[in-house]
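Derivation of every value follows stated rules applied to the coordinates shown; laboratory data play no part. Computed from a predicted model, the values in this text were never measured in an experiment. FYI the Cβ positions are ideal-geometry reconstructions off the backbone, even for glycines, and counts take in every protein chain you see.
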Amino acid sequence: MECRAADPSPRSLFAKGVEAQWKWELDEAIKLYGEALNLDSTLAMAYFNRGAAYRSKNMPDEALKDFNSAIENDPQMARAYYGRGKILFEKGEVMAALTDMDKTLRIDPNYRGANEIRAKALLALGKYKRAREALTAAIKLSPDDGELYLLRGLARKRLKDFKAAEADLKSAIELNVSGPRAWFELGNLAFLSSQNEEALKRYDRAIAIDPDHAQALNNRGWVKAQLGEFQGAIDDLSGAITQRKDFVAALKNRAWVYTRMDRINEALTDYDAILGIRPDDDKVKTARSRLLQRKKEEKEEKKPELSQRDSEEKVPDSPGPDIRALKLSAEEAARAGQYEKAVELYTRALKFAPNDPSLSAGRGMARMRLKDHKQAATDLEKALGISAEKDNISIRYELGKAYLMDWRLEEAIEQFDRVLEKDAENGLALANRGVAHREAGYLKEAERDFQMALELVKARSRKDKIRRLLKETQRILLGPFRFFDRFYKDNEGSEGQRDFGRDLW
């Protein structure tokens, strides 16, 4: 009688699957695990190992199904929670991934790799303190893993613990972390600490590793702009834009530099490009409108004005009108919002009283309302020059606003400085100086001004506006170039970009 070999058992098929998997014969392993599960659908390790094989073949959906089945059959299998959580994180399901890593660590507190992915999820969710703690735990288990130091450095940077962040990033470099990321982040830390020259050196190192690193090119370009190296800044920013045509941050920064180089047409081209990407960007629309207005004003300035000025300064031989009545009418028109009429009345009065500072100041303020900032500044300069009170605070304050709106930022800062020398508790002067500081790139000074202004300004609407400006400035200071790798959601639009809107009071 012929003796027939016994059919293979689920365990023997599982063992053969493990052997095939070790040999990297993944298809054979998947087949054998399937045969074992056909005979015994409760084999949790067969589900897990098949899921791992699917993951190795870059088949995450099939892997997820098997990891789920492994957990159903063995709710205490830490490796299955880890495997599922890792795939969920890669799919962008951050909260679900975090939950799985928490379960992994509850079952096995020393499960290697779980704290790292947990920390990445926490970083992506903005939970920086918890991320730092998770990474510290991971480093205890893997003290030679440079990637962990890099991630903890990022967490500490977000927590403004810059000294510790720098130490971690340098440790990452010492542990031979590949790629430019550590040098790039070290450059950001130097910039945040106002060490612009050191920031340039570190960005140079990042770009030497990856010459096409768009973020590093953008950041280096911005630092060069702060140092007044405008052409070098344009070269770097253009390089960043070449790498990423839709790089809004670099386009904004280049437009900012072009504006300061008086290359208005090129700045407008960049703003148009941004609006092609983000048509609803109100800040860019405002900046573009101001440049168009400036271009119009400069064009009008080229027209001959000699006859008009002569007529304004000439005092007729015949008896003049009632200057006081003209002034009162001009003030009444301004209060009624009839600013063009106010300018006309002040101009008529100035023909007969050219050295009356109140008339020049009044016309300057009316011209401010008409957004004729350049002529407004001229009027206010004249008013201040002929005023008996050479440090007339109210005129100087209005002159500072006119300079600010005409983009003469350093002159605006100087005028607000003069106002504050006489009246240190002038909250509105502090707020406007903060705007000028921010537009000029002096972010720490802007932060200080807004903080002081918040303590002094009483009106709620103004406090809300100052608080918003302070928050935006602090976001820029925390990460002026907020670019995220695969661990972060790309959020260039809402964080770290320059606010081109100048808020005035």
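Net charge dipole, the stretch 323-390: roughly 80 debye, given to the nearest 20, about the Cα centre with Cβ charges of +1 for Lys and Arg and -1 for Asp and Glu.
Would you mind working out the magnitude of the charge dipole of the chain relative to its Cα centre, with +1 at each Lys and Arg C-beta and -1 at each Asp and Glu C-beta, to the nearest 20 Debye?
Charge dipole of the chain: 860 debye, to the nearest 20.
A Förster distance of 45 Å, applied to the separation of the beta-carbon atoms of LYS160 and GLU331, puts the FRET efficiency at 0.35.
Summing Cβ point charges (Lys, Arg +1; Asp, Glu -1) relative to the Cα centre of the stretch 179-299 gives a dipole of roughly 340 debye. Among the listed options (i) 26.9, 86; (ii) 33.0, 144; (iii) 21.9, 71, the one matching Rg and Dmax of the Cα atoms in Å as calculated from these coordinates is (ii). The value for the stretch 49-158 of Rg(Cα) / (2.2 N^0.38 Å) is 1.06.
Near the amide H of ASP246, within less than 5 Å, lie no amide hydrogens of residues on another chain or at least 5 residues away, with H placed in the peptide plane. Note on LYS129 and ARG11: their simple-model spin labels are 5.2 nm apart, each label 7 Å out from Cα toward Cβ. Would you mind checking the pairs LYS201/LYS224; LYS296/LYS374; LYS31/LYS57; LYS120/LYS163 and listing those with alpha carbons more than 19 angstrom apart? Listed pairs above 19 Å: LYS120/LYS163.
Which trypsin sites (Lys or Arg not before Pro) does the stretch 26-84 hold that lie in a coil by DSSP with at most 16 other beta carbons within 10 Å? Those satisfying the criteria are LYS57. Its Cα gyration tensor gives the stretch 179-299 an equivalent ellipsoid, and the semi-axes of that ellipsoid, as √(5λ) in whole Å with the largest first, are 28, 15, 11. Of MET59, LEU105, TRP22, which is farthest on the positive side of the dipole of the stretch 2-106, counting Cα position, with +1 on Lys and Arg Cβ, -1 on Asp and Glu Cβ, and the Cα centre as origin? The one lying farthest along the dipole's positive direction is LEU105.
Distance between the C-alpha centres of the stretch 1-74 and the stretch 242-262: 55 Å, rounded to the whole angstrom.
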